Amino acid sequence: MPVFDFSDTPDKKNPSECTYTTFRSNESTTSPEKPIMVLDNHKRAWKHHSCGVFTNPIKRTSFEFKEEDGTVSADILQIDARFVSLLRWLGENHINVRLSGKNLENGYAVYKIREIAFGGGTKLSAEDGFLQFMIDRLLASSAPTEEIEDEDQDEVGDDMKLTSLQSITDFMNCAGRTLPDNIRLWARRNLAVARSHEVTPEERRHAQRALSIMMNIQWKNNYFESIDPQEARKILDEELYGMERVKQRIIETIIQINRTHTLPAYGLLLVGPAGTGKSQIAYAVARILKLPWTTLDMSSINDPEQLTGSSRIYSNAKPGIIMEAFSAAGESNLVFIINELDKAASGKGNGNPADVLLTLLDNLGFTDNYIECLVPTVGVYPIATANDKSQISAPLMSRFAVIDIPDYTSEEKKIIFSKYALPKVLKRMSLQEKECVITEEALDAIIEKYANTTGIRDLEQAAEHIAANALYQIEVNHVSEVTFNADMVRELLE
């Protein structure tokens, strides 16, 4: 639940000098009613957009406004506890900023801070967007540590990346508390290595690369919002025709979030013939959970090092696929779609990839050999697919709620072809329905043609073939429409 609790207790670090009190907030957006800080305005009302610099908060805790009549100072009265370190850093480095705020009865409520360059003041040493990046991270955290997220349409700080040692250092100073404790300690050690002249250039390069990867991941907490069962059902219906029991079982599994606000203890294992929509179901669940997703194709992984990365002792060392997935998602909460889990035990290298998956699925944390840090996995929800569950080891099976996906009946295939597959292809080719007509006998012939194949992939390819043939006849033979009968379909699909 959001926390917005003002405190009358002055900052304990310097009670004789600080003018402000801190307040706790878990708000993810800012506004005059939910400000970052409040400045004194009892002597003078400040402009909506005001420029200036913070003086070192440890000494004066004020903001120096650059006005037409000179520099005017105003004390800071209140500040969101998450932003104290950032404020101190801005003051110590004399960063010129523009405040956006509103004059209220209790003071000038500041809800946005942007960097500007004027008067020869210090420009941020990091990349463009660094200040906004830090503010976004602070807004994305919870009150006891610091942060949460501002969705400004003009500036999205997370578009930039922390790559230089200076930007990483500044981020650690201002927003380091947004990181889990073990990652913050890890980052300090790696910063020392990256700056050290007592190690090889290769070691420094690896340390900096690892830091850049870890600092650009938003490490979220494990609180998840409730899902709407009706919206969840709608999303599943969009991706999957029929299979009512499957949809019901999926919603029953993930609806636990509405009470616990944590991910279910078990992932989903979707078992069924090829082409029955297992992957589409996985993508639909990611949409329901409102999480980014990534895929692991176990059929292409034959060495556990592909998952765990290689040690930094090698010059060509790099992170593994799992760590790269976190990096690509940009956050720690995501859906891992593990395709062909029944192929996970077929490793050809120095170990079994299935054993690595167990560490990811146990939610106790995952360690990449390159990063050398325990990565929290409480926000990872695994969804696996398989054709043959008998090939999956018992330890892996025990981590999932198993859902069998049956093949479609002939009647279901007819509906899928006529109501979904063919209209989708016609729309993509800009063909009208009357330009490509399938008779009932032709539809029966199509279903009969693929009666012994599983799934609907062959039906989708048949729809593509038929529509393409209709378009060809319309364009080349200059006919207005094409009606396919059973004989035409059989000849075309031979």
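Computed quantities for the displayed model
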| read-out | value |
| --- | --- |
| Among the residues listed as SER315, SER311, the single one being assigned to a loop (DSSP other than H, G, I, E, B), within 19 Å of SER212 (Cα to Cα) and modelled with pLDDT under 85 | SER315 |
| Tally of residues being free of Cβ contacts under 8 Å to residues at least 24 places away in the same chain and either within 23 Å of ASN258 (Cα to Cα) or not aliphatic (A, V, I, L, M) (or both) across the stretch 199-240 | 10 |
| Checking ILE217 against (1) within 25 Å of SER332 (Cβ to Cβ); (2) in contact with a Lys or Arg (Cβ under 9 Å, 6 or more places away or on another chain); (3) not assigned by TED's automatic domain parsing to the domain that holds THR367, the condition it does not meet | (2) |
| Only listed residue being over 25 Å from LEU87 (Cα atoms) and of a type outside the set (D, E, K, R), chosen from ALA210, ALA192 | ALA210 |
| Test result for ILE416, closer than 30 Å to ILE251 by Cα and either of a type outside the set (Gly, Ala, Ser) or in contact with an Asp or Glu (Cβ under 7 Å, 6 or more places away or on another chain) (or both) | yes |
| Sole residue being surrounded by 16 or more Cβ atoms within 10 Å (Cβ to Cβ), of a type in the set (Val, Ile, Thr) and part of a loop (DSSP other than H, G, I, E, B), chosen from THR294, THR377, THR359 | THR377 |
| Verdict on GLU475 being at pLDDT 90 or above and not assigned by TED's automatic domain parsing to the domain that holds VAL246 | yes |
| Checking GLU198 against (1) surrounded by fewer than 19 Cβ atoms within 10 Å (Cβ to Cβ); (2) at pLDDT 90 or above; (3) part of a helix (DSSP H, G or I); (4) not hydroxyl-bearing (Ser, Thr, Tyr), the condition it does not meet | (3) |
| Boolean, ASP404 is under 23 Å from ILE251 (Cβ atoms), surrounded by fewer than 18 Cβ atoms within 10 Å (Cβ to Cβ) and in contact (Cβ under 8 Å) with a residue 40 or more places away in the chain | yes |
| Among (1) out of contact with any Pro (no Cβ under 8 Å at 6 or more places or on another chain); (2) aromatic (Phe, Trp, Tyr); (3) under 30 Å from LEU179 (Cα atoms) - the single one PHE417 does not satisfy | (3) |
| Selection from the stretch 424-443 of residues that are in contact (Cβ under 8 Å) with a residue 40 or more places away in the chain and assigned to a helix (DSSP H, G or I) | VAL425, LEU426, LYS434, GLU435, GLU441, ALA442 |
| Residue in the stretch 237-255 that is in a helix (DSSP H, G or I), in contact with a Ser or Thr (Cβ under 9 Å, 6 or more places away or on another chain) and either at pLDDT below 90 or within 28 Å of MET298 (Cβ to Cβ) (or both) present | no |
| Answer from GLN248, GLN230 - the residue that is out of contact with any Phe, Trp or Tyr (no Cβ under 7 Å at 6 or more places or on another chain), closer than 29 Å to MET397 by Cα and surrounded by fewer than 19 Cβ atoms within 10 Å (Cβ to Cβ) | GLN248 |
| The stretch 297-308 - residue that is surrounded by fewer than 22 Cβ atoms within 10 Å (Cβ to Cβ) and in contact (Cβ under 8 Å) with a residue 40 or more places away in the chain and, of those, nearest to PRO382 (Cα to Cα) | ASP297 |
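Yes/no per residue for (1) modelled with pLDDT under 80; (2) in a loop (DSSP other than H, G, I, E, B); (3) closer than 27 Å to THR19 by Cα:
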residue	(1), (2), (3)
PHE83	no, no, yes
SER100	no, no, yes
LYS112	no, no, yes
ASP128	yes, yes, no
THR145	yes, yes, yes
ASP152	yes, yes, no
SER167	no, no, no
ALA175	no, no, yes
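The values are calculated or read from the model by the stated rules, or taken from the named source; none is laboratory data. All values reported here derive from a predicted model rather than from experimental measurement. Here the Cβ is made from the backbone with ideal geometry for all residues, glycine too, and neighbour counts use every protein chain on show.
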